[in-house]
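These notes are about the structure you will find just below.
The values are calculated or read from the model by the stated rules, or taken from the named source; none is laboratory data. None of the values given here were measured: they were computed from a predicted structure. Cβ: placed from backbone, ideal geometry, glycine included. Neighbour counts: every protein chain shown. Protein only, heavy atoms only, side chains kept; ligands, DNA and RNA dropped before computing areas. Shrake-Rupley method; radii C 1.70, N 1.55, O 1.52, S 1.80 Å.
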Number of protein chains: 12
Amino acid sequence: MSDHVYKKLELVGSSTVSSDDAARNAIAQAQATIRNMDWFEVVDTRGHIVDGKVAHWQVTVKIGFRLES
Amino acid sequence: MSDHVYKKLELVGSSTVSSDDAARNAIAQAQATIRNMDWFEVVDTRGHIVDGKVAHWQVTVKIGFRLES
Amino acid sequence: MSDHVYKKLELVGSSTVSSDDAARNAIAQAQATIRNMDWFEVVDTRGHIVDGKVAHWQVTVKIGFRLES
Amino acid sequence: MSDHVYKKLELVGSSTVSSDDAARNAIAQAQATIRNMDWFEVVDTRGHIVDGKVAHWQVTVKIGFRLES
Amino acid sequence: MSDHVYKKLELVGSSTVSSDDAARNAIAQAQATIRNMDWFEVVDTRGHIVDGKVAHWQVTVKIGFRLES
Amino acid sequence: MSDHVYKKLELVGSSTVSSDDAARNAIAQAQATIRNMDWFEVVDTRGHIVDGKVAHWQVTVKIGFRLES
Amino acid sequence: MSDHVYKKLELVGSSTVSSDDAARNAIAQAQATIRNMDWFEVVDTRGHIVDGKVAHWQVTVKIGFRLES
Amino acid sequence: MSDHVYKKLELVGSSTVSSDDAARNAIAQAQATIRNMDWFEVVDTRGHIVDGKVAHWQVTVKIGFRLES
Amino acid sequence: MSDHVYKKLELVGSSTVSSDDAARNAIAQAQATIRNMDWFEVVDTRGHIVDGKVAHWQVTVKIGFRLES
Amino acid sequence: MSDHVYKKLELVGSSTVSSDDAARNAIAQAQATIRNMDWFEVVDTRGHIVDGKVAHWQVTVKIGFRLES
Amino acid sequence: MSDHVYKKLELVGSSTVSSDDAARNAIAQAQATIRNMDWFEVVDTRGHIVDGKVAHWQVTVKIGFRLES
Amino acid sequence: MSDHVYKKLELVGSSTVSSDDAARNAIAQAQATIRNMDWFEVVDTRGHIVDGKVAHWQVTVKIGFRLES
């Protein structure tokens, strides 16, 4: 495992449901084009307010995936 | 939109249910007196422990709202 | 001067012209309601992009003003 | 209360369910050997991805508990 | 206690005597207009020098107080 | 808007004119290949000195753009 | 001295007197069970407010002590 | 040189030999597909432990390379 | 170039005109006594307010210059 | 793996040889009493200077190990 | 005042008495060779422990002084 | 030892060999003009890339030395 090199991608996912769900949505979108995703790190949690309520959560994640050599 | 000025308020909400819910409670309370709330940023997540269980979550949020000119 | 107490306010100003101008706009708006403003600190600089150009700058400033005793 | 001294422990809990649950699991494990736990602080949220989905959340918490004098 | 919402205020107190005293002065001033103050956090410690001596300490504190619902 | 996922790109622009211009140059270059750019965040400001004068400003920006689903 | 390994402990001391005293109290408590304490680092200073006055200071310190090989 | 725009890439290299070597491995891998690499910044150093020994070092680097206009 | 050693100096420049100008003023002043200045990094931007307007910008820069061996 | 809870230990290792070696020494010492060590994170690198040379490196590492349930 | 340029110096003072006194000692020493000192910022507070007691406080301060043009 | 005052110097050393060597080079250069150097802290590690290889490491260190009273 020590020869692997990983790349980190920074994405912002959003969700009307929860902060966890916003992170999951970012990962699901990345899954469409990225192979070998291995881990994620939550960098920032914020969101928009509409009519005094959380309209959606916006979670910035860094996603690490293995580069194929 | 470029002429607007926003103010940021720092609140700590709490909830026995979840960290997301603690943030929502802070925003709900602000809604009673603040108009034009636009976004929030989660600054800090912590909580109290009673009998070895999370008794309540305490989430610090900054809330941005548009000042009326 | 050692007896004074200051309060810090966090504002976000915006401008289509420059980042400095966005900070100035936040201070100009605060001037309408706050007396004895003394200093400011730039906390964050960002902005929106429209059609591949900076549409407006958004600068977060903390403004310190002397409380009247 | 001013005479108390607290110790902070740093744990990483994990959960397949949610980030909140990962924090709760760390606290539950600490409960087995630590008395007088009083508060926790979320330090870091990350997790592993398997098959393009969050396989489990990993949440680092600092737990504060009162030392018995 | 889990239903409470707290607001954080950022003040800068000063004192010719000590850094602790500067924090106390900020809190004493806030006491004139704020009810239900609960805790404070020291954010920054600095001061002015006159004739090669500390003329006064300036301590920035965040003060948390409970909002009345 | 809550279903969107954004990607963040980190670029360093430079300019002989001003720090704002360095940020604008980074965005202008990104415009050539990236669609749907939405916002930017200034991360770092530095530059080179030649003959005791600022020869050019170097500004690191993160640019957020919407991924097409 | 280059062969030594040190462990860092994170404690929160409190005092009704001063912030320095809160740090000293944490160290005094550690002294009861830890040998070879060598240095400390102040990590955080905060406290509780009762009746608009500092009721007690709470200072988080990291304490380094030499492990016996 | 002031007209150039650079992009930063975030990679994690690993090595069983040393932390420097882990950074070098990340750069070597990037070399396969990236032209005009100019500088790197070490962001984070960590690693895995197997049988009480460092099995491999993992070093996160940001790599800056010049975009061709 | 790999044998060079650089020293970093921390200066605060001010200007009534702009934040960029405040940085330039700090560098211009350093030029009077320092040779071989090579780069600068903006560390902090703040300023004073007089009559509700920015009276002058204060920008802290670190300046790197090559030591002559 | 998602049910595991890990504890983080903060140690300072030292070495006359290299910074990597200082980290290895901290881990080797921990190995004497801790089972199931899994990863480490380098937190801080410093050292002492004697006669204008690095006498020994001091590296602070956090070590994560699995708690047995 | 807007034409002035300030230099920041980083000193570590120590004291057996208090953390404030350690900062004052650093400033007193600087006074011997530096003119026009204007302000200081506390950067770090730590100290040594001997026989389970604080033997002396070590406080790192940045001192700003006006350069003579 | 509690009466001593230390000054911190910020240098950037470079080396084609290793990051540790870059720090050693900065200290060796300082040794030519500074007496009583006592400790160093690694602040930042980066470097230049030439032909897809690390051409040289650049390590920023703060060096503490005792001022003579």
Within segment D:57-66, track down each residue that is more than 8 Å from every other protein chain (Cβ to nearest Cβ) and charged (D, E, K, R). D:Arg66
Against the conditions (1) at pLDDT below 95; (2) touching a helix residue (DSSP H, G or I) at 6+ places or on another chain (Cβ under 7 Å), where does J:Val59 fall short? Just the number, please. (1)
Can you name the condition, by its number, that F:Ser69 falls short on among (1) within 14 Å of chain C (Cβ to nearest Cβ); (2) touching a residue at least 60 places away in the same chain (Cβ under 8 Å); (3) open to solvent by 20 Å² or more (accessible area, probe 1.4 Å); (4) of a type outside the set (Val, Ile, Thr)? (1)
Within segment G:3-28, residues open to solvent by 50 Å² or more (accessible area, probe 1.4 Å) and at pLDDT 95 or above come out as G:Lys7, G:Thr16, G:Val17, G:Arg24, G:Asn25, G:Ala28
Open to solvent by less than 10 Å² (accessible area, probe 1.4 Å), in contact (Cβ under 8 Å) with a residue 24 or more places away in the chain and part of a helix (DSSP H, G or I) - does that describe any residue in segment J:29-39? yes
Could you tell me which numbered condition B:Thr60 fails, if it satisfies all but one of (1) open to solvent by 10 Å² or more (accessible area, probe 1.4 Å); (2) of a type in the set (S, T, N, Q); (3) in contact (Cβ under 8 Å) with a residue 12 or more places away in the chain? (1)
Please work out if C:Phe65 is assigned to a strand (DSSP E or B) and over 10 Å from the mean Cα position of the chain (by Cα). yes
Single residue of segment I:3-28 satisfying the filter (assigned to a helix (DSSP H, G or I) and not small (Gly, Ala, Ser)) that is farthest from the other protein chains (Cβ to nearest Cβ): I:Asp21
Report, by residue number, each residue of segment J:13-69 that is closer than 18 Å to D:Glu10 by Cα and acidic (Asp, Glu). J:Asp38, J:Glu41, J:Asp44, J:Glu68
For segment C:17-60, which positions are closer than 20 Å to I:Asp21 by Cα, more than 10 Å from the chain's Cα centre (by Cα) and of a type in the set (Val, Ile, Thr)? C:Val17, C:Thr45
Positions within segment C:37-61 being under 22 Å from I:Val59 (Cβ atoms) and charged (D, E, K, R), in sequence order: C:Asp38, C:Glu41, C:Asp44, C:Arg46
Filter segment K:44-56 down to the residues that are at the interface with another protein chain (Cβ under 7 Å from one of its Cβ atoms), closer than 15 Å to E:Thr45 by Cα and either surrounded by fewer than 19 Cβ atoms within 10 Å (Cβ to Cβ) or among the charged types (D, E, K, R) (or both) and list them by number. K:Arg46
Quick check on segment H:31-43. Is at least one of its residues in contact with a strand residue (DSSP E or B) (Cβ under 8 Å, 6 or more places away or on another chain) and within 14 Å of chain J (Cβ to nearest Cβ)? yes
Would you pick out the residues in segment A:40-54 that are in contact (Cβ under 8 Å) with a residue 24 or more places away in the chain and part of a loop (DSSP other than H, G, I, E, B)? none
